[in-house]
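Contents: one structure, followed by commentary.
The values are calculated or read from the model by the stated rules, or taken from the named source; none is laboratory data. Keep in mind it's a predicted model, so treat the numbers as computed, not measured. Side chains included, ligands, DNA and RNA excluded: accessible areas come from the protein's heavy atoms. Shrake-Rupley method; radii C 1.70, N 1.55, O 1.52, S 1.80 Å.
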Amino acid sequence: MSCVHYRFFSKRESRLVKFDGLHITLKRLKRQIMAQERFKDRKSHLLISNGETHEEYTDDEAHIPKHSSVIVRRVPRFILKRSDTAVVGSSRPVCKTNPKTTLCPPLPLTYN
């Protein structure tokens, strides 16, 4: 029986996901974590990264080797939709003169 150790970014203790074989796909790992943690809402999404290198797994068909350690973050789904200028649903300011950046030149002070 193979396993992958996972822990949530905000917690200290880790847990196990058990499976058969040499590796598990990211999609299957997410399903098993959601079932084990009893997450019922479909409005959240799990971001999983390598526990040692902190590299995020993005491909659902990526193979995670047995006895690996991963870090899990639970985020709302609407944050994952990206546009050219900002993250949808984000409160990050966007510069109106240059929408590709959040840094704007300071506005001139006017006194009345």
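Leaving out ligands, DNA and RNA, and with a 1.4 Å probe, what % of the accessible surface on segment 2-80 is carbon or sulfur?
49 percent
Can you list the aspartates and glutamates whose alpha carbon sits under 15 Å from that of residue 66, skipping same-chain ones fewer than 8 residues off?
Here the aspartates and glutamates satisfying the reach criterion relative to residue 66 are 20, 52.
Long-range amide H contacts for residue 70: which residues qualify at under 5 Å (H placed 1.01 Å from N, peptide plane, sequence gap of 5 or more or a different chain)?
Under 5 Å from the amide H of residue 70: 5, 6, 7, 51.
So what J values fall out for segment 28-34 if you push phi through Karplus, 6.51 cos²θ - 1.76 cosθ + 1.60 with θ = phi - 60°, rounded to Hz, Gly and Pro as x?
5, 4, 4, 4, 5, 5, 5
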